[in-house]
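Please read the structure below before turning to the comments.
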Amino acid sequence: MTESGNGPLSGVRVVELAGIGPGPFAAMLLADLGADVVRVDRPGGPGLGVDPAYDVTNRNKRSVLVDLKSPEGVAHVLELAERADVLIEGYRPSVAERLGVGPEECLARNPRLVYGRMTGWGQQGPLADTAGHDIGYIAITGALGMIGPPDGPPAIPANLLGDYAGGSLYLVIGVLAALQHARTEGGTGQVVDAAIVDGTAHLTAMIHGMLAAGGWQDRRGANLLDGGAPFYGTYETADGGHMAVGALEKRFYGAFIRLLGIEQEAPSRDDLTAWGELRTTIAARFKTRTREEWTAVFAGSDACVAPVLSLREAPQHPHLAARGTFVEHGGLTQPAPAPRFSRTPGAVRRPPAQPGADLAEIARDWQVPGLLATRVADDPPAGPAHAGQQDTAG
């Protein structure tokens, strides 16, 4: 029986041509929602040097090890594509075509296939064939330039903004929309071109509207939502921790300055010329207590203040613990599947896929017996292995 779990995508079959970054994360999200994701790994070392046993972005998947440089390997991928609903690849433009597993070959075998392409620059354009990473993609869209202090360089938001928000999530949206079309009467498969630059630019839609209306200055640290406002930012506490303040609305701001204890001395928030003084007053007050003490002060209030937690601290936050926002599976603490569904909840069903470990299962479930006839040189007999890296976008 096909491995699919109980999520809303139960019964949907996905082929993922292994890469790094946004492609695997997108495939993980589909797998979390119940899709049967087969990851096609190839011989070689891990893309980022991470032991596959800890690569949470490969949870809920199964893996086969295939040499795409061999005719047999290409034939196996096309067989899988013929039985799939979705295929995801994250190569540079034309690499899949050169390997013989591009959209033309796959759609010829399966006209209803949704062929998802995850790249940084997109399939066309002057930079399409050049290497890149998250930081460069968000740099040219204007998104990186918005983040950081006015008197310092742009702040780097890890690879969350480009790779995952502007990349993975837009790929998933596109794949699901195309899948809906393919399954309607008269619908067909198609190619989804998900470029990180496109998705990241799309994320700035509201800011562009505000900019056009004169409600946003085109520089860092000068606006309501970029740290320019003293009542929307972070402040250091006595123990070196930080508190995040988001008291935008006036009634929430009133609760904030009252609980902070500066209600009588704080200058008017409506006086933009006094924002510097207000920031200094807020900062000085926060420095008088520890992060834990301020967390207790603001607990249960509408002041919109929260402690800034580390990755290891976050799972223990009472609210996140109560919701089960993080789960432990196979000894790994990790974010739980999101979003949530009332009738068809997703779940962490399987640990990170070990390259090649699920060959027999997949050959049986997907009815591709030829997979069993070909073993690549690096195919492990059992136990942990290392994922291959291909010519990827991230």
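What follows draws every value from the coordinates through simple rules; no lab data is involved. Only a predicted model underlies this, so the values are computations on that prediction, with no experimental measurement involved. Heads up, the Cβs are rebuilt from the backbone with ideal geometry, glycines too, and the neighbour counts pull from every protein chain shown.
Some notes on this structure:
- Sequence ranges 161-171, 106-116, ranked by mean other-Cβ count within 10 angstrom, highest first: 161-171, 106-116
- Label-point gap, in nm, between Lys250 and Arg98 - each point 7 angstrom along Cα→Cβ: 6.3
- For Lys250, the lysines whose Cα comes closer than 26 Å to its Cα, not counting residues fewer than 8 places off in the same chain, are Lys287.
- Efficiency of FRET between Leu372 and Arg112 - r from beta-carbon atoms, R0 30 angstrom, step 0.05: 0.65
- Compactness relative to 2.2 N^0.38 Å, alpha carbon Rg of segment 15-69: 1.05
- Normalised Debye scattering of the chain at q = 0.06, 0.07 Å⁻¹ gives log10 I(q)/I(0) of -0.30, -0.40, counting only Cα atoms as equal scatterers and leaving out solvent.
- Per residue, the convex hull spanned by the alpha carbons of segment 106-187 comes to 116 Å³.
- The trypsin sites (Lys or Arg not before Pro) of segment 59-108 that DSSP puts in a loop, and whose beta carbon has at most 13 other beta carbons within 10 Å, are Lys69.
- Cα-Cα pairs of segment 253-353 separated by more than 25 Å (percent): 44
- Only helices reaching 18 angstrom along their own axis (Cα) with mean Kyte-Doolittle hydropathy no lower than 0.0 count here, and for the DSSP H runs of the chain these are 169-183.
- All lysines inside 25 Å of Lys61 as judged from Cα atoms, apart from same-chain residues fewer than 8 positions distant: Lys69
- Our summary of shape: the Cα atoms of segment 154-309 have principal axis extents of 68, 36, 29 Å, ordered from largest down, in whole angstrom.
- The chain - percent relative contact order, Cα under 8 Å, separation 6 or more: 26
- Alpha-carbon spread of segment 2-105, three principal axes, descending order, Å: 36, 32, 22
- Between Leu272 and Ala155, the FRET efficiency estimated from the beta carbon spacing at R0 = 30 angstrom works out to 0.80.
- Segment 331-369 versus segment 23-91: alpha-carbon centroid distance in Å: 12
- Given R0 = 45 Å, the distance between the Cβ atoms of Phe326 and Lys69 translates into a calculated FRET efficiency of 0.70.
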